[in-house]
Amino acid sequence: MKRTFYILVLVLMASSRVWALEFVADAQPRTVIVIPNEPLEVVQAAAEELQYHIQKATGATLPIAKESQKPEAKGYVYLGSTQAAKQAALLKRFKPNAFVIKTAGDTLYIAGDDSAGKVFGLLSANTTRVGTLLGVYEFLETKLGVRWLWPGEVGEVIPHRETIRVEDFMQTGGTRLINSRFRDGRNMNLKAGWTNDANRLKFLNEQSRWLRRHRFAIVEDDTSGHAYTRYWKRFGITHPEYFNQLPDGTRRPEGYSGNISMCVSQPKLWKQIVRQWRQSRQKGSARRSLLCIAENDTSGKCTCPNCMAWDAPDPDLKFPYHQRLERARKAFMEKDPDWVKYLGSLSDRYAKFYLEVQKEARKYDPKIKVLAYAYGNYRKPPIKTKLNDGIIIKNVPGISFSAPAETWTKFQDNWKDWRQTGCIQVLRPNYTLTGHNMPINYAKTFGKHFAFVAREGLYGTDFDSLTGQYAAQGLSLYTIARMNHRPDLPVEAILKEYYDGFGPAADAIKAYWDFWQDLPRELTSTKRNAIRARKKIPHSQWRQTYWRKFVLFTPELFTPERFELGYALLEKARTAAGEDKRVLAKIDFLKKGLRHAELTVQAQKAVDQYQYFKTGDIHSIVAAVKQLDAYRRRIEHHGISNMGLLRASEALFWPFADIEVAEKSAKPLPEVWKFKWDPEDQGLQDGWAAREYDDEVWDSIRTDAPWELQPIGEAWKRAHGQDYDGYAWYRTSFTIEPGESSDRKRKVFLIFGAVDEACVIWVNGQKVLDRPFPYQDNRNSWREPFTVEITPYVVAGENSLAVRVEDRGGQGGIFKPVWLSVMNEGK
């Protein structure tokens, strides 16, 4: 009798339960989404995102209406700064990107800290406040169980339901970090590697939306990187005291102009930095709350007495501290590229610099914050110098996800010690760059590491960079994105979210990713050096950063046996998925990534045989790269990978010029050309491109190296104290056999291995190509091969070829061979 009574009470309670709002009932819309009469872009986006996800969940489309035009309905969802939200006293003063969600009867309010501006697109420097949109995402996540595994529709997990009802509740929230950034700007304009630009734009747009859905947002615009990249050109002659004094006593760059650090103990430098910042502020171009004083992209190198006196003894040095300068000078004079290691840690020097510039800047703005890096030989925390919470340190771990556990532990100790100095820290790693398009899982390693820094005063994140390899590294990318918003979640819970997105195949997908877990840890430095020795990889390639040259190691790590096991695990997942089409589509997405990786490894093997082992021929590479490109062309619209990023790295190591030459049966032009500097840009006016121009008195130069590395460039540097930047001209000639120029079935091409940076090309005095830098927004165009058709411009017999090169930094010139191709039109 008592049991029957309890059941009756439960039934009565359930039948009397009052739902605050019914969005959809039996797949029919019951609610209208209401936005202000003049909505901000962020509110419009919030409405469309809410409408989209509810439609995907139920099949019902909720109408969107402006407040003054809202129709009669059984319920309303008010988004943004509506009059209804104002009357409900919800439009308070929000914290940046904060929001409130509240139900009241048949009404739901979502409002937040919003501002005008773009909502999607490039997010790396986007400071639009998006509180209402973040509130919508919070609602979708917590009330509807939505998850976003990767960009695009296939990566969405939207549980199906016929009815959506919401009880009375109220919730506030926002972003957990002041800034959360996953740099998406590096790869925005890399068009090489994409067949269809529409697919590239689709990929980038979907990626941007995915980042927003994971609450990536910026309050303080801290996008400035290395602060003094233009200082040498501006002040190298007038203020050499701003710059490092090298061990030989000179103040100059070491090699190219960007390879220079600052004399950070120099008061005149502090004043110049603050003066420039104030001038920028007056023009309205400086950041309101931040002054970036980060060192250039190099180690600290100054050996002047004042800078050396600012240092604190480094306990990790293996020799007496007072011998630093002597040992550094000896290594420098012996041209040891790693001579700076004898200086030890320079963190106290740089910490004092940060304090001095802050002191100078606060004369004009007492609240200004100073932004700098922990990087290079000032990565370790200072020993004696204390900082304050007006100094933001972007801490660059300097490790990859393949590093051993003890290396991660050392970084965590450094992070904790930096915190003890009193500064604020932003996590600014590079480890997400590594892996090319290989199947890699470092989610657990990352999760443990990130949970630590989140507990230890993490202020913001700045991940450099998002490579977009979602089908090959998607579990790790999801973990990074999720923990940026929910650092309190255990990594195991996040992994389970991802696996559960595959429904009945969850366990099989877990087994698949477990198989690839931490695989790159096999690539110890000893093994990498052994691979280099066996392949005889030249220094020009080996000096590239680890993440760029990762593709070179893929044949040794990602073997046919491993790919075979990977396919088998995915096949088990397909079997477990049964007839669930949404799950099968997700598994096929991963399989495309696996096949993509396999073909890339095959192409790298062909490169190894031809370029390093000298046992293969160019036609094997042509076949392998053609197969890879054909596959990329077929699958690029699926969004599995950022193809542009891959081709940019591959171009550093794969002989694309040789491939082009082989495909077009080309012949090399002479290696030595005529050459003339043009510092006053007079060549155009004086007709240096003309066919009949007499270049007999010009100097000679090779076209297989930058001009800085040739006698003519060295002579310029001796005479002027620095490398030449500006315009310079190259001239040569080539012969077209009779019949080749007039045959309509023939095509004539020039193939340039690479020109650094911009160039204009004339054949017989007629301009055939103007190739500025960056060409078509591709910042890697200076090092990539290109082809130009010259059929209409050639004549039988001798033809003139003139190239004006413009270089504004680093090395310059035609530095790879040039080829001529005459071929049948059908080839």
Practice task
Before anything else, pin down the relative contact order of segment 129-187: Cα pairs under 8 Å, at least 6 apart, normalised by residue count, whole percent.
Solution key: 26
Handout entry: Whole-number D in µm²/s for segment 417-481 (Stokes-Einstein; Kirkwood sum over Cα pairs; 25 °C, 0.890 mPa s)
Key = 192
Handout entry: Pairs of Cα atoms farther than 16 Å apart, segment 96-218, %
Key = 66
Exercise for the section: Tabulate in residue order the Karplus-calculated ³J(HN,Hα) for segment 417-430, using 6.51 cos²θ - 1.76 cosθ + 1.60 with θ = phi - 60°, rounded to whole Hz; enter x for Gly and Pro. Expected result: 5, 4, 4, 5, 6, x, 7, 9, 10, 10, 7, 9, x, 10
Handout entry: Accessible-area order (highest first, 1.4 angstrom probe) of the listed residues HIS637, HIS619
Key = HIS619, HIS637
Completion exercise
Taking 0.36 nm per residue of separation between THR735 and ILE237 and subtracting their Cα-Cα distance, the length gained on full extension comes to 174.7 nm
Practice task
Find, to one decimal place in angstroms, the Kirkwood hydrodynamic radius of segment 480-590, where the mean of 1/r is taken over every pair of different Cα atoms and then inverted.
Solution key: 16.6
Handout entry: Ranked packing of 41-47, 720-726, most packed first, by mean Cβ within 10 Å
Key = 41-47, 720-726
Completion exercise
Note on segment 340-411: alpha-carbon gyration tensor, axes a ≥ b ≥ c; rule is a/c under 1.5 for rounded, else prolate if a/b larger than b/c, else oblate; result prolate
Handout entry: Highest-first arrangement of 591-597, 195-201, 629-635, 316-322, where packing means the average Cβ count within 10 Å
Key = 591-597, 629-635, 195-201, 316-322
Exercise for the section: Report the FRET efficiency, 1/(1 + (r/R0)^6), for MET823 and ASN306, where r is their Cβ-Cβ distance and R0 is 45 Å, rounded to 0.05. Expected result: 0.10
Problem - Phi-based couplings in Hz for segment 22-32 (Karplus 6.51, -1.76, 1.60; Gly and Pro marked x) - result: 10, 6, 9, 10, 6, 6, 10, x, 10, 10, 10
Problem - Hz values of 3J(HN,Hα) by residue in segment 784-796 - Karplus curve (6.51, -1.76, 1.60), Gly and Pro given as x - result: 9, x, 8, 10, 10, 7, 10, 3, x, 9, 8, 10, 5
Problem - Leading residue at positive end of dipole, the chain (Cβ point charges), from CYS302, THR524, ALA89 - result: ALA89
Handout entry: Computed E for ALA27/LYS330 - FRET, C-beta separation, R0 60 angstrom, nearest 0.05
Key = 0.15
Fill in the blank from the handout: Label model pair ASP316, SER115: point-to-point distance (7 angstrom along the Cα→beta-carbon line) in nm is 3.8
Problem - Calculated [θ] (222 nm, deg cm²/dmol) that DSSP helices of n ≥ 4 give over the chain, each run adding -39,500 (n - 2.57) - result: -11500 deg cm²/dmol
Practice task
Using packing as a proxy for protection, rank 375-382, 656-663, 538-545 so that the peptide with the highest average count of other Cβ atoms within 10 Å comes first.
Solution key: 375-382, 656-663, 538-545
Handout entry: Cα long-axis angle, helix 347-361 against the chain (0 to 90 degrees, to the nearest 10)
Key = 80
Exercise for the section: Show ASP488, ASP365, ASP507, ASP462 ordered by accessible area, largest first, where the area counts protein heavy atoms only and the probe is 1.4 Å. Expected result: ASP507, ASP488, ASP365, ASP462
Problem - Bridge type composition, the chain - antiparallel percent by DSSP, nearest 5 - result: 70
Handout entry: Value of Rg to Rh for segment 389-453 (Rh from inverse mean 1/r over Cα pairs, i.e. Kirkwood)
Key = 1.01
Fill in the blank from the handout: A student applying the Cα gyration tensor rule (rounded when a/c is under 1.5; otherwise prolate if a/b is larger than b/c, oblate if not) would label segment 56-96 oblate
Exercise for the section: Please give the contour-minus-distance gain from GLU162 to GLN682: 0.36 nm per residue of separation, less the Cα-Cα distance, rounded to one decimal in nm. Expected result: 179.8 nm
Handout entry: Residue-level accessible surface for ASP514, protein heavy atoms, 1.4 Å, Å²
Key = 60
Handout entry: LYS191-ARG93 pseudo-label distance in nm [points 7 Å out on the Cα-to-Cβ vector]
Key = 4.9
Practice task
Quick one: which residues, 5+ away or cross-chain, put their amide H under 5 Å from the amide H of ILE101? H built at 1.01 Å from N.
Solution key: GLN171, THR172
Practice task
Determine the equivalent ellipsoid of the chain by diagonalising the alpha-carbon gyration tensor, then write out the semi-axes as square roots of 5 times the eigenvalues, largest first, rounded to whole Å.
Solution key: 51, 36, 28
Problem - Stretchable slack from ASP629 to THR791, in nm (0.36 nm times residue separation minus alpha-carbon distance) - result: 55.6 nm
Practice task
Starting from the Cα gyration tensor of segment 172-254, take the square roots of the eigenvalues, sort them a ≥ b ≥ c, and report rounded, prolate or oblate (rounded when a/c is under 1.5, otherwise prolate if a/b is larger than b/c, else oblate).
Solution key: oblate
Completion exercise
Semi-axes a, b, c in Å (a largest) for segment 301-421, each sqrt of 5 times a Cα gyration tensor eigenvalue, come to 26, 21, 12
Problem - In segment 443-472, chymotrypsin sites (Phe, Trp or Tyr not before Pro) in a DSSP loop with at most 16 other beta-carbon atoms within 10 Å - result: none
Exercise for the section: Express in whole angstrom the spacing between the alpha-carbon centres of segment 52-121 and segment 127-175. Expected result: 13
Practice task
Collect residues whose amide H, placed 1.01 Å from N in the peptide plane, falls under 5 Å from the amide H of VAL24; neighbours closer than 5 in sequence don't count.
Solution key: ARG30, ILE164
Practice task
Work out the FRET efficiency for ASP694 and ARG746 from their Cβ-Cβ distance, taking R0 = 35 Å, and round it to the nearest 0.05.
Solution key: 0.70
Fill in the blank from the handout: Rounded to the nearest 10 degrees, the helix 618-635 long axis (Cα) sits at an angle to the longest Cα principal axis of the chain of 30
Exercise for the section: Loop only per DSSP, at most 14 neighbouring Cβ atoms within 10 Å: give me the GluC sites (Glu not before Pro) in segment 531-597, ordered by residue number. Expected result: GLU579
Fill in the blank from the handout: Semi-axes in Å, largest first, for segment 668-814 (Cα gyration tensor, √(5λ)) are 27, 17, 13
Fill in the blank from the handout: Residues whose built amide H sits under 5 Å from the amide H of ALA312, excluding neighbours closer than 5 in sequence, are ASP348, ARG349
Problem - Spin-label model distance (nm) - GLN279 vs LEU652, 7 Å beyond Cα toward Cβ - result: 3.5
Exercise for the section: Take the alpha-carbon centre of segment 757-799, take the same for segment 648-679, and report the distance between them in whole Å. Expected result: 12
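The values are calculated or read from the model by the stated rules, or taken from the named source; none is laboratory data. Remember, it's a predicted structure, so these values are computed and weren't measured experimentally. Because the Cβ atoms are built from the backbone with ideal geometry, glycine has one as well, and the counts that use them run over all protein chains shown. The protein model used for the area step is the full one, side chains on, heavy atoms only, and it has no ligands, DNA or RNA in it. Shrake-Rupley method; radii C 1.70, N 1.55, O 1.52, S 1.80 Å.
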